[in-house]
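Down below is the structure, laid out as C-alpha coordinates.
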2 protein chains.
Amino acid sequence: MNTLSSLDEMIAALRCLPGVGPKSAQRMAYHLLQRDKPGALRLARALGHAVESIHHCAKCNNFSEEEICALCRSPKRDASLLCVVEMPADLLMMEQAQCYRGMYFVLMGRLSPLDGIGPRELHLERLVRRAQENTCEVILATNFTVEGDATAHYITILLCAQGIKVSRIARGLPVGGELEHVDSGTLAQAVLERREVTG
Amino acid sequence: MNTLSSLDEMIAALRCLPGVGPKSAQRMAYHLLQRDKPGALRLARALGHAVESIHHCAKCNNFSEEEICALCRSPKRDASLLCVVEMPADLLMMEQAQCYRGMYFVLMGRLSPLDGIGPRELHLERLVRRAQENTCEVILATNFTVEGDATAHYITILLCAQGIKVSRIARGLPVGGELEHVDSGTLAQAVLERREVTG
(Lines give C-alpha, C1' and ligand atoms only; values in the text may rest on other atoms or scores of the structure.)
Protein backbone atom coordinates (compact mmCIF):
# COMPACT_ATOMS: atom_id res chain seq x y z
CA MET A 1 0.00 0.00 0.00
CA ASN A 2 1.23 3.45 -0.93
CA THR A 3 1.96 5.85 1.93
CA LEU A 4 -0.29 8.86 2.35
CA SER A 5 2.30 11.55 2.77
CA SER A 6 0.08 14.27 4.23
CA LEU A 7 -1.65 11.83 6.62
CA ASP A 8 1.71 10.46 7.76
CA GLU A 9 3.02 13.99 8.18
CA MET A 10 -0.06 14.95 10.21
CA ILE A 11 0.38 11.92 12.51
CA ALA A 12 4.11 12.66 12.91
CA ALA A 13 3.40 16.33 13.64
CA LEU A 14 0.82 15.49 16.33
CA ARG A 15 3.55 13.70 18.25
CA CYS A 16 5.09 17.05 19.19
CA LEU A 17 2.29 17.26 21.77
CA PRO A 18 3.39 16.09 25.23
CA GLY A 19 2.05 12.66 26.19
CA VAL A 20 1.03 11.78 22.63
CA GLY A 21 2.58 8.57 21.28
CA PRO A 22 2.17 6.94 17.86
CA LYS A 23 -1.19 5.28 18.66
CA SER A 24 -2.74 8.43 20.15
CA ALA A 25 -1.45 10.52 17.25
CA GLN A 26 -3.06 8.12 14.77
CA ARG A 27 -6.34 8.17 16.70
CA MET A 28 -6.30 11.97 16.83
CA ALA A 29 -5.59 12.26 13.10
CA TYR A 30 -8.39 9.87 12.18
CA HIS A 31 -10.78 11.65 14.53
CA LEU A 32 -10.01 15.07 13.06
CA LEU A 33 -10.18 13.94 9.42
CA GLN A 34 -13.31 11.89 9.97
CA ARG A 35 -15.34 13.94 12.42
CA ASP A 36 -13.88 17.38 13.00
CA LYS A 37 -12.21 19.00 9.99
CA PRO A 38 -13.34 22.49 11.12
CA GLY A 39 -11.69 21.78 14.49
CA ALA A 40 -8.45 20.82 12.76
CA LEU A 41 -8.44 24.01 10.71
CA ARG A 42 -9.23 26.08 13.80
CA LEU A 43 -6.35 24.39 15.62
CA ALA A 44 -3.99 25.03 12.70
CA ARG A 45 -4.90 28.73 12.70
CA ALA A 46 -4.70 29.02 16.51
CA LEU A 47 -1.25 27.39 16.61
CA GLY A 48 0.13 29.61 13.87
CA HIS A 49 -1.33 32.75 15.42
CA ALA A 50 -0.20 31.89 18.95
CA VAL A 51 3.37 31.09 17.92
CA GLU A 52 3.52 34.35 15.99
CA SER A 53 2.00 36.64 18.59
CA ILE A 54 2.86 35.22 22.02
CA HIS A 55 6.19 36.17 23.56
CA HIS A 56 7.42 36.60 27.11
CA CYS A 57 6.65 39.69 29.16
CA ALA A 58 9.89 41.63 29.66
CA LYS A 59 9.14 42.07 33.38
CA CYS A 60 7.41 38.93 34.68
CA ASN A 61 8.48 36.46 31.94
CA ASN A 62 4.87 35.19 31.61
CA PHE A 63 3.38 34.60 28.17
CA SER A 64 2.21 37.90 26.73
CA GLU A 65 1.20 39.36 23.41
CA GLU A 66 2.66 42.71 24.47
CA GLU A 67 6.15 43.81 25.50
CA ILE A 68 4.92 44.31 29.08
CA CYS A 69 1.86 42.33 30.12
CA ALA A 70 -1.31 43.89 31.52
CA LEU A 71 -0.58 42.69 35.05
CA CYS A 72 2.88 44.25 35.11
CA ARG A 73 1.46 47.51 33.69
CA SER A 74 -1.34 47.70 36.26
CA PRO A 75 -0.94 50.61 38.73
CA LYS A 76 -3.09 48.71 41.25
CA ARG A 77 -0.41 46.10 41.95
CA ASP A 78 2.05 46.43 44.84
CA ALA A 79 5.45 46.83 43.13
CA SER A 80 7.35 46.13 46.37
CA LEU A 81 6.33 42.46 46.37
CA LEU A 82 7.60 39.93 43.82
CA CYS A 83 6.16 36.42 43.77
CA VAL A 84 8.14 33.69 41.98
CA VAL A 85 6.10 30.85 40.45
CA GLU A 86 7.07 27.98 38.19
CA MET A 87 4.40 28.14 35.48
CA PRO A 88 1.71 30.49 34.11
CA ALA A 89 -0.92 28.11 35.49
CA ASP A 90 0.48 28.73 38.98
CA LEU A 91 0.14 32.49 38.48
CA LEU A 92 -3.49 31.97 37.47
CA MET A 93 -4.09 29.93 40.63
CA MET A 94 -2.55 32.71 42.74
CA GLU A 95 -4.81 35.28 41.09
CA GLN A 96 -7.88 33.09 41.56
CA ALA A 97 -7.03 32.71 45.25
CA GLN A 98 -7.20 36.56 45.52
CA CYS A 99 -4.62 36.50 48.30
CA TYR A 100 -1.89 38.55 46.65
CA ARG A 101 -1.70 41.99 45.05
CA GLY A 102 2.01 42.20 44.18
CA MET A 103 4.01 41.46 41.04
CA TYR A 104 5.14 38.10 39.65
CA PHE A 105 8.10 36.39 38.07
CA VAL A 106 7.30 33.23 36.12
CA LEU A 107 10.25 30.83 35.89
CA MET A 108 8.67 28.78 33.09
CA GLY A 109 9.96 25.62 34.72
CA ARG A 110 11.98 24.50 37.71
CA LEU A 111 15.57 23.40 38.24
CA SER A 112 15.76 19.87 36.91
CA PRO A 113 19.31 18.71 36.17
CA LEU A 114 18.08 15.37 34.81
CA ASP A 115 16.14 17.22 32.11
CA GLY A 116 19.05 19.56 31.46
CA ILE A 117 17.30 22.53 33.08
CA GLY A 118 19.81 24.47 35.19
CA PRO A 119 19.99 28.08 36.44
CA ARG A 120 20.94 29.29 32.97
CA GLU A 121 17.90 27.70 31.28
CA LEU A 122 15.58 29.32 33.85
CA HIS A 123 17.17 32.77 33.26
CA LEU A 124 17.64 33.26 37.01
CA GLU A 125 19.98 36.21 36.30
CA ARG A 126 16.92 38.02 34.93
CA LEU A 127 15.04 37.24 38.14
CA VAL A 128 17.91 38.69 40.22
CA ARG A 129 17.93 41.87 38.12
CA ARG A 130 14.14 42.15 38.36
CA ALA A 131 14.27 41.67 42.14
CA GLN A 132 16.88 44.43 42.47
CA GLU A 133 14.62 47.02 40.85
CA ASN A 134 12.42 48.16 43.72
CA THR A 135 11.39 45.00 45.50
CA CYS A 136 11.09 44.83 49.29
CA GLU A 137 10.32 41.12 49.45
CA VAL A 138 10.51 38.16 47.11
CA ILE A 139 7.91 35.47 47.85
CA LEU A 140 8.89 32.03 46.58
CA ALA A 141 5.79 30.10 45.46
CA THR A 142 7.39 27.23 43.59
CA ASN A 143 5.81 23.82 44.08
CA PHE A 144 6.53 21.77 47.21
CA THR A 145 8.05 19.02 45.14
CA VAL A 146 11.70 18.02 45.35
CA GLU A 147 12.52 20.09 42.27
CA GLY A 148 10.36 23.04 43.33
CA ASP A 149 12.00 23.07 46.78
CA ALA A 150 15.48 22.85 45.26
CA THR A 151 14.62 25.74 42.96
CA ALA A 152 13.38 27.82 45.90
CA HIS A 153 16.54 27.02 47.85
CA TYR A 154 18.78 27.99 44.94
CA ILE A 155 16.93 31.29 44.42
CA THR A 156 17.09 32.03 48.17
CA ILE A 157 20.90 31.81 48.09
CA LEU A 158 21.09 33.99 44.97
CA LEU A 159 18.83 36.73 46.32
CA CYS A 160 20.07 36.75 49.93
CA ALA A 161 23.58 37.34 48.55
CA GLN A 162 22.15 40.56 47.11
CA GLY A 163 20.65 41.54 50.45
CA ILE A 164 17.09 40.97 49.25
CA LYS A 165 14.46 39.74 51.74
CA VAL A 166 13.13 36.36 50.66
CA SER A 167 10.18 34.39 51.98
CA ARG A 168 8.64 31.04 51.11
CA ILE A 169 4.89 30.44 51.06
CA ALA A 170 3.91 28.32 54.04
CA ARG A 171 3.92 24.59 53.86
CA GLY A 172 0.18 24.50 54.31
CA LEU A 173 0.17 22.46 51.16
CA PRO A 174 0.68 18.74 51.52
CA VAL A 175 4.20 17.45 50.79
CA GLY A 176 4.39 16.64 47.09
CA GLY A 177 1.45 18.93 46.38
CA GLU A 178 1.34 21.15 43.30
CA LEU A 179 -0.12 24.67 43.19
CA GLU A 180 -2.14 23.92 40.11
CA HIS A 181 -4.21 21.28 41.86
CA VAL A 182 -4.75 22.81 45.30
CA ASP A 183 -7.93 24.58 46.48
CA SER A 184 -7.92 28.38 46.79
CA GLY A 185 -8.39 28.39 50.59
CA THR A 186 -5.30 26.30 51.27
CA LEU A 187 -3.25 28.39 48.86
CA ALA A 188 -4.42 31.66 50.47
CA GLN A 189 -3.48 30.32 53.92
CA ALA A 190 -0.05 29.32 52.67
CA VAL A 191 0.60 32.84 51.36
CA LEU A 192 -0.58 34.35 54.66
CA GLU A 193 1.80 32.15 56.68
CA ARG A 194 4.89 32.69 54.55
CA ARG A 195 8.15 32.67 56.52
CA GLU A 196 11.40 34.51 55.94
CA VAL A 197 14.29 32.30 54.88
CA THR A 198 18.05 32.87 54.80
CA GLY A 199 20.67 31.33 52.58
CA MET B 1 -5.26 39.77 34.89
CA ASN B 2 -6.12 40.40 31.27
CA THR B 3 -6.93 37.34 29.15
CA LEU B 4 -4.43 36.35 26.46
CA SER B 5 -6.78 35.93 23.54
CA SER B 6 -4.48 33.94 21.26
CA LEU B 7 -3.28 31.68 24.12
CA ASP B 8 -6.89 31.07 25.21
CA GLU B 9 -7.86 30.37 21.62
CA MET B 10 -4.96 27.93 21.24
CA ILE B 11 -5.98 26.09 24.44
CA ALA B 12 -9.63 25.98 23.33
CA ALA B 13 -8.64 24.74 19.86
CA LEU B 14 -6.48 21.92 21.29
CA ARG B 15 -9.60 20.53 22.95
CA CYS B 16 -10.89 19.35 19.57
CA LEU B 17 -8.39 16.48 19.95
CA PRO B 18 -9.99 13.33 21.38
CA GLY B 19 -9.13 12.67 25.03
CA VAL B 20 -7.79 16.19 25.62
CA GLY B 21 -9.50 18.07 28.47
CA PRO B 22 -8.88 21.61 29.76
CA LYS B 23 -5.81 20.68 31.87
CA SER B 24 -4.14 18.67 29.10
CA ALA B 25 -4.85 21.40 26.56
CA GLN B 26 -3.22 23.97 28.84
CA ARG B 27 -0.21 21.73 29.39
CA MET B 28 0.14 21.12 25.64
CA ALA B 29 -0.10 24.84 24.86
CA TYR B 30 2.54 25.75 27.45
CA HIS B 31 4.82 22.98 26.21
CA LEU B 32 4.57 24.10 22.58
CA LEU B 33 5.04 27.80 23.33
CA GLN B 34 7.86 27.20 25.77
CA ARG B 35 9.77 24.32 24.24
CA ASP B 36 8.62 23.47 20.74
CA LYS B 37 7.47 26.40 18.62
CA PRO B 38 8.81 24.75 15.43
CA GLY B 39 6.72 21.67 16.31
CA ALA B 40 3.63 23.84 16.70
CA LEU B 41 4.17 25.48 13.31
CA ARG B 42 4.81 22.10 11.71
CA LEU B 43 1.58 20.79 13.25
CA ALA B 44 -0.34 23.85 12.01
CA ARG B 45 0.92 23.30 8.46
CA ALA B 46 0.32 19.53 8.58
CA LEU B 47 -3.26 19.98 9.81
CA GLY B 48 -4.08 22.53 7.14
CA HIS B 49 -2.50 20.48 4.39
CA ALA B 50 -4.10 17.22 5.50
CA VAL B 51 -7.60 18.69 5.78
CA GLU B 52 -7.21 20.19 2.32
CA SER B 53 -5.75 17.18 0.53
CA ILE B 54 -7.12 14.07 2.25
CA HIS B 55 -10.49 12.73 1.14
CA HIS B 56 -12.05 9.29 1.01
CA CYS B 57 -11.20 6.79 -1.73
CA ALA B 58 -14.28 6.39 -3.93
CA LYS B 59 -13.91 2.59 -3.85
CA CYS B 60 -12.63 1.52 -0.41
CA ASN B 61 -13.61 4.63 1.62
CA ASN B 62 -10.13 4.76 3.18
CA PHE B 63 -8.34 8.09 3.52
CA SER B 64 -6.71 8.99 0.22
CA GLU B 65 -5.21 12.00 -1.49
CA GLU B 66 -6.44 10.68 -4.82
CA GLU B 67 -9.92 9.87 -6.16
CA ILE B 68 -9.05 6.15 -6.12
CA CYS B 69 -6.32 5.05 -3.71
CA ALA B 70 -3.19 3.14 -4.75
CA LEU B 71 -4.41 -0.13 -3.24
CA CYS B 72 -7.72 -0.01 -5.16
CA ARG B 73 -5.85 0.86 -8.38
CA SER B 74 -3.36 -1.98 -7.98
CA PRO B 75 -3.74 -4.74 -10.63
CA LYS B 76 -2.09 -7.21 -8.25
CA ARG B 77 -5.05 -7.32 -5.87
CA ASP B 78 -7.77 -9.97 -6.13
CA ALA B 79 -10.91 -8.00 -7.05
CA SER B 80 -13.21 -10.92 -6.20
CA LEU B 81 -12.55 -10.59 -2.45
CA LEU B 82 -13.76 -7.65 -0.36
CA CYS B 83 -12.65 -7.33 3.26
CA VAL B 84 -14.67 -5.02 5.54
CA VAL B 85 -12.74 -3.38 8.38
CA GLU B 86 -13.72 -0.68 10.87
CA MET B 87 -10.76 1.72 10.66
CA PRO B 88 -7.72 2.50 8.47
CA ALA B 89 -5.51 1.16 11.28
CA ASP B 90 -7.24 -2.24 10.91
CA LEU B 91 -6.47 -2.22 7.18
CA LEU B 92 -2.81 -1.54 7.97
CA MET B 93 -2.77 -4.47 10.42
CA MET B 94 -4.26 -6.75 7.75
CA GLU B 95 -1.61 -5.63 5.26
CA GLN B 96 1.17 -6.15 7.79
CA ALA B 97 -0.07 -9.69 8.45
CA GLN B 98 0.41 -10.38 4.69
CA CYS B 99 -2.49 -12.84 4.78
CA TYR B 100 -4.82 -11.20 2.28
CA ARG B 101 -4.52 -10.03 -1.32
CA GLY B 102 -8.08 -8.82 -2.01
CA MET B 103 -9.77 -5.43 -1.83
CA TYR B 104 -11.03 -3.54 1.23
CA PHE B 105 -13.92 -1.45 2.41
CA VAL B 106 -13.21 0.78 5.40
CA LEU B 107 -16.35 1.59 7.42
CA MET B 108 -14.66 4.47 9.30
CA GLY B 109 -16.41 3.39 12.46
CA ARG B 110 -18.87 0.81 13.71
CA LEU B 111 -22.59 0.80 14.49
CA SER B 112 -22.95 2.57 17.81
CA PRO B 113 -26.48 3.83 18.46
CA LEU B 114 -25.47 5.47 21.74
CA ASP B 115 -23.02 7.69 19.81
CA GLY B 116 -25.61 8.34 17.11
CA ILE B 117 -23.80 6.19 14.55
CA GLY B 118 -26.33 4.13 12.60
CA PRO B 119 -26.29 2.45 9.16
CA ARG B 120 -26.72 5.83 7.47
CA GLU B 121 -23.67 7.38 9.17
CA LEU B 122 -21.51 4.39 8.10
CA HIS B 123 -22.70 4.72 4.47
CA LEU B 124 -23.55 1.01 4.37
CA GLU B 125 -25.50 1.56 1.12
CA ARG B 126 -22.13 2.37 -0.49
CA LEU B 127 -20.73 -0.91 0.85
CA VAL B 128 -23.67 -2.82 -0.66
CA ARG B 129 -23.16 -1.14 -4.04
CA ARG B 130 -19.42 -1.82 -3.87
CA ALA B 131 -20.03 -5.49 -2.99
CA GLN B 132 -22.39 -5.88 -5.97
CA GLU B 133 -19.71 -4.83 -8.46
CA ASN B 134 -17.76 -8.05 -9.01
CA THR B 135 -17.24 -9.54 -5.57
CA CYS B 136 -17.41 -13.29 -4.93
CA GLU B 137 -17.02 -13.09 -1.17
CA VAL B 138 -17.20 -10.40 1.48
CA ILE B 139 -14.98 -11.08 4.51
CA LEU B 140 -16.10 -9.28 7.66
CA ALA B 141 -13.09 -8.27 9.77
CA THR B 142 -14.72 -5.88 12.21
CA ASN B 143 -13.55 -6.12 15.82
CA PHE B 144 -14.85 -8.81 18.13
CA THR B 145 -16.39 -6.24 20.43
CA VAL B 146 -20.13 -5.91 21.08
CA GLU B 147 -20.34 -3.07 18.56
CA GLY B 148 -18.06 -4.74 16.00
CA ASP B 149 -20.10 -7.95 16.23
CA ALA B 150 -23.38 -6.05 15.87
CA THR B 151 -21.97 -4.25 12.82
CA ALA B 152 -20.89 -7.56 11.26
CA HIS B 153 -24.35 -9.02 11.94
CA TYR B 154 -26.12 -6.05 10.36
CA ILE B 155 -23.91 -6.15 7.25
CA THR B 156 -24.43 -9.91 6.94
CA ILE B 157 -28.21 -9.41 6.74
CA LEU B 158 -27.82 -6.59 4.20
CA LEU B 159 -25.48 -8.51 1.90
CA CYS B 160 -27.12 -11.94 2.16
CA ALA B 161 -30.38 -10.28 1.03
CA GLN B 162 -28.49 -9.42 -2.19
CA GLY B 163 -27.32 -13.01 -2.58
CA ILE B 164 -23.70 -12.15 -1.77
CA LYS B 165 -21.51 -14.70 0.03
CA VAL B 166 -20.38 -13.37 3.40
CA SER B 167 -17.81 -14.76 5.86
CA ARG B 168 -16.47 -13.65 9.23
CA ILE B 169 -12.80 -13.99 10.27
CA ALA B 170 -12.35 -16.76 12.82
CA ARG B 171 -12.57 -16.25 16.55
CA GLY B 172 -10.37 -18.38 18.80
CA LEU B 173 -7.16 -18.54 20.73
CA PRO B 174 -4.32 -16.31 19.54
CA VAL B 175 -1.23 -17.91 18.03
CA GLY B 176 0.97 -18.91 20.96
CA GLY B 177 -2.06 -18.63 23.24
CA GLU B 178 -2.31 -20.91 26.28
CA LEU B 179 -5.60 -22.21 27.60
CA GLU B 180 -4.57 -21.32 31.12
CA HIS B 181 -4.27 -17.64 30.32
CA VAL B 182 -7.10 -17.08 27.85
CA ASP B 183 -10.43 -15.56 28.92
CA SER B 184 -13.34 -17.98 29.23
CA GLY B 185 -15.39 -16.23 26.53
CA THR B 186 -12.68 -16.76 23.94
CA LEU B 187 -12.14 -20.35 25.03
CA ALA B 188 -15.87 -21.12 24.87
CA GLN B 189 -16.05 -19.60 21.37
CA ALA B 190 -12.98 -21.58 20.27
CA VAL B 191 -14.61 -24.81 21.42
CA LEU B 192 -17.92 -23.88 19.76
CA GLU B 193 -16.20 -23.03 16.44
CA ARG B 194 -13.86 -26.06 16.53
CA ARG B 195 -12.90 -27.45 13.11
CA GLU B 196 -12.52 -31.03 12.08
CA VAL B 197 -8.96 -32.11 11.48
CA THR B 198 -7.61 -35.20 9.83
CA GLY B 199 -4.34 -36.91 10.50
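Given the structure, is A:Val138 farther than 16 Å from A:Asp78 by Cβ and more than 16 Å from the chain's Cα centre (by Cα)?
Against the criterion (farther than 16 Å from A:Asp78 by Cβ and more than 16 Å from the chain's Cα centre (by Cα)), A:Val138 does not qualify.
Does A:Ala46 fit the bill of being within 7 Å of chain B (Cβ to nearest Cβ) and farther than 26 Å from B:Asp90 by Cα?
Yes, satisfied.
Please tell me if A:Cys60 is under 14 Å from the mean Cα position of the chain (by Cα) and not assigned by TED's automatic domain parsing to the domain that holds A:Leu122.
yes
Assuming A:Asn143 fulfils every condition listed in (1) within 14 Å of another protein chain (Cβ to nearest Cβ); (2) in a loop (DSSP other than H, G, I, E, B) apart from one, which condition is it?
(1)
Is segment A:68-89 home to any residue that is touching a helix residue (DSSP H, G or I) at 6+ places or on another chain (Cβ under 8 Å), at the interface with chain B (Cβ under 8 Å from one of its Cβ atoms) and not in a helix (DSSP H, G or I)?
Within segment A:68-89 (the criterion being touching a helix residue (DSSP H, G or I) at 6+ places or on another chain (Cβ under 8 Å), at the interface with chain B (Cβ under 8 Å from one of its Cβ atoms) and not in a helix (DSSP H, G or I)), the answer is yes, since at least one residue qualifies.
Based on what the data block shows, is A:Leu92 under 25 Å from A:Val191 (Cα atoms), open to solvent by less than 40 Å² (accessible area, probe 1.4 Å) and more than 7 Å from chain B (Cβ to nearest Cβ)?
No, not satisfied.
Can you tell me which residue in segment A:8-43 is surrounded by the most Cβ atoms within 10 Å (Cβ to Cβ), limited to those that are more than 7 Å from chain B (Cβ to nearest Cβ) and among the basic types (Lys, Arg)?
Per the stated criteria, the residue is A:Arg15.
For B:Glu65, indicate whether it is in contact (Cβ under 8 Å) with a residue 12 or more places away in the chain, within 25 Å of B:Ile139 (Cβ to Cβ) and surrounded by 14 or more Cβ atoms within 10 Å (Cβ to Cβ).
no
Take the conditions closer than 27 Å to A:Ile11 by Cα, assigned to a helix (DSSP H, G or I) and touching a Ser or Thr at 6+ places or on another chain (Cβ under 7 Å) and apply them to B:Ala50. Does it pass?
Yes, satisfied.
Anything in segment B:13-39 that is part of a loop (DSSP other than H, G, I, E, B) and touching a Cys at 6+ places or on another chain (Cβ under 8 Å)? List them, or say none.
Within segment B:13-39, just B:Asp36 meets the criteria.
The values are calculated or read from the model by the stated rules, or taken from the named source; none is laboratory data. Source: prediction; values computed, not measured. When we count neighbours, we look across all protein chains shown, and the Cβ atoms used for this are built from the backbone with ideal geometry, even at glycine. SASA here: full protein model, heavy atoms, side chains in, ligands and nucleic acids out. Shrake-Rupley method; radii C 1.70, N 1.55, O 1.52, S 1.80 Å.
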